[in-house]
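Notes follow the structure.
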Amino acid sequence: MGPLGGITILDLTTVLMGPYATQILADMGANVIKVESPEGDIVRQIGPGRSSGMGGMFLNTNRGKRSITINLKKPEGCQALLRLARQANAIVYNVRPQAMARLGLDYETLAAVNPNVLYVGVFGYGQAGPYAAKPAYDDLIQGASTIANVMARASDGTPRYVPITMADRVVGLMAVNAILGGLMHQVRTGVGQRIDVPMFESMTDFVLVDHLGGLTYDPPLDYGGYARLLSSHRRPYKTKDGYICALIYNDKQWRSFFESIGQPEFLVQPRFANHASRHKNINEIYEEVSRIFLSRTTAEWRELLERADIPVMPMHTLETILEDPHLNAVGFFKTIDHPVEGRIRQMQVPSTWSITQPEPGGPAPTHGEHGYDILREGGFSAEEIERLRQRGALIVPAPQ
């Protein structure tokens, strides 16, 4: 059952941010009903994939859910959704609130149908500011929240986006936190509420915990930025035959490092005296250490650093990580048989629980796969389902 067994989530989200959040809830045992438009979630089209509408990214953000296709532009479609909402603990959406209002699915309408419902919006900007109605995507939020700028400060001066959908994933996790908190309040009080999780504010908070620095103070003490993270030499160390990831951080580790390589004289230099001194000179220190790492092979460094109890890890590629001995030992990757896609690789829930272990509840659904089952569970008769289908408000598979 998982820790969220018995909880029903109506998932109106698409793309990555919302589906990532609701997949985590599904892994925890929630009954997540993915409500899709007739066109389907656009991420279904992102390849590669073995069949249309079932791309790899979709499979990795929608496992454990059930899919129903409702045309919310039809009045009958909205009425059907409102009827399903009566039995839902939470409704999660990631379009702009203005769009939900135009559909007649604003918080006031949903709360009138189900006063206990948790109404969670995951979208671009807080609704009290001038950006309220602006569209938002991961790239825009990375730039607006200073990520592209700090990337430039840490490299050659060219602003860049992090090559993962960082804003979508981070804000998706923040949405999970908000939903769990809202559900706890709902269980304790029986009262629902509206929760907005804006991307811009969430990512600004996420980034500035590291980089606000001296700008925390009034007047400012500096121009902001965490020097160690912004060092152009903070990167995997190049070795004689490849790369390795190592972090020499505290006094003990620096002492062990220089003693292990037979150069303890470095320790008497003022810049290595303590953490504060190293922080002030971090860029030149990283540059110096980068030259030292060129003197040995990757295997030699890994053996030396592990013996010295200095944190070290391999620099994996997207292919070699699949063979990582630790991930394989803990069963992180599992190969399953998808009913449509055949054999696929699936990632397991990374946390471990002593009693209510979350786990993938099943493969990602095909478009509208569970429509009939969901409607029957919602109290719709066969005649009502057929009438809605004939009117184009619902697209459901033919009955078996």
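Quick notes on this structure:
- Yes/no for Arg271 being within 34 Å of the chain's Cα centre (by Cα), surrounded by 13 or more Cβ atoms within 10 Å (Cβ to Cβ) and in the same structural domain as Cys245 (by TED's automatic domain parsing): no
- Looking only at residues of the range 106-122 that are without any contact (Cβ under 8 Å) to a residue 12 or more places away in the chain and either in contact with a helix residue (DSSP H, G or I) (Cβ under 6 Å, 6 or more places away or on another chain) or of a type in the set (A, V, I, L, M, F, W, C) (or both), we find that the one that is nearest to Thr13 (Cα to Cα) is Asp106.
- Some residue of the range 339-360 being touching a His at 6+ places or on another chain (Cβ under 7 Å) and either among the hydrophobic types (A, V, I, L, M, F, W, C) or within 30 Å of Phe258 (Cβ to Cβ) (or both): yes
One line per residue, one yes/no per condition, for (1) out of contact with any His (no Cβ under 8 Å at 6 or more places or on another chain); (2) touching a residue at least 60 places away in the same chain (Cβ under 8 Å); (3) not hydrophobic (A, V, I, L, M, F, W, C):
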residue: Ile292; (1), (2), (3): yes, no, no
residue: Thr297; (1), (2), (3): yes, no, yes
residue: Arg307; (1), (2), (3): yes, no, yes
residue: Pro314; (1), (2), (3): yes, yes, yes
residue: Pro325; (1), (2), (3): yes, no, yes
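- Residues that are of a type in the set (A, V, I, L, M, F, W, C) and surrounded by fewer than 16 Cβ atoms within 10 Å (Cβ to Cβ) were ranked within the range 350-386; the one that is farthest from Gln23 (Cα to Cα) is Ala382.
- Qualifying residue in the range 239-248 (condition: in contact with a Gly (Cβ under 7 Å, 6 or more places away or on another chain) and in contact (Cβ under 8 Å) with a residue 12 or more places away in the chain): no
Here is a yes/no grid of residues against (1) farther than 30 Å from Thr335 by Cα; (2) surrounded by fewer than 18 Cβ atoms within 10 Å (Cβ to Cβ); (3) free of Cβ contacts under 8 Å to residues at least 60 places away in the same chain:
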residue	(1), (2), (3)
Ser51	no, yes, no
Met54	no, no, no
Gly77	yes, no, no
Arg83	yes, yes, no
Gln87	yes, yes, no
Asn94	yes, no, no
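- Residues that are part of a helix (DSSP H, G or I) and at pLDDT below 95 within the range 29-55 comprise just one, Gln45.
- Of the helices (runs of 4 or more DSSP H) lying entirely inside the range 86-172, those containing at least 1 residues that are closer than 24 Å to Gly6 by Cβ and at pLDDT 95 or above span 107-113.
- Restricting the range 123-143 to residues that are in contact (Cβ under 8 Å) with a residue 60 or more places away in the chain and under 23 Å from Asp210 (Cβ atoms), the residue that is farthest from the chain's Cα centre (by Cα): Gly126
- If you check Leu229, Leu215 for being in contact (Cβ under 8 Å) with a residue 60 or more places away in the chain, under 30 Å from Ala273 (Cβ atoms) and part of a helix (DSSP H, G or I), only one passes: Leu229.
- Qualifying position, being of a type outside the set (Ser, Thr, Tyr), outside the structural domain of Val150 (by TED's automatic domain parsing), closer than 30 Å to Ser145 by Cα and surrounded by 15 or more Cβ atoms within 10 Å (Cβ to Cβ), among Ile261, Ile292, Ile285: Ile285
- Leu10 passes every criterion in (1) closer than 25 Å to Val396 by Cβ; (2) assigned to a helix (DSSP H, G or I) apart from (2).
- Residues satisfying the stated conditions in the range 1-30, i.e. surrounded by fewer than 22 Cβ atoms within 10 Å (Cβ to Cβ), among the small types (Gly, Ala, Ser) and either out of contact with any helix residue (DSSP H, G or I) (no Cβ under 9 Å at 6 or more places or on another chain) or within 14 Å of Thr165 (Cβ to Cβ) (or both): Gly5, Gly6, Gly29
- In the set Leu327, Leu304, only one residue is over 18 Å from Arg235 (Cα atoms), outside the structural domain of Gln263 (by TED's automatic domain parsing) and surrounded by 15 or more Cβ atoms within 10 Å (Cβ to Cβ); that residue is Leu327.
The values are calculated or read from the model by the stated rules, or taken from the named source; none is laboratory data. This one's a predicted model, so the numbers in the text were calculated from it and none came from an experiment. Here the Cβ is made from the backbone with ideal geometry for all residues, glycine too, and neighbour counts use every protein chain on show.
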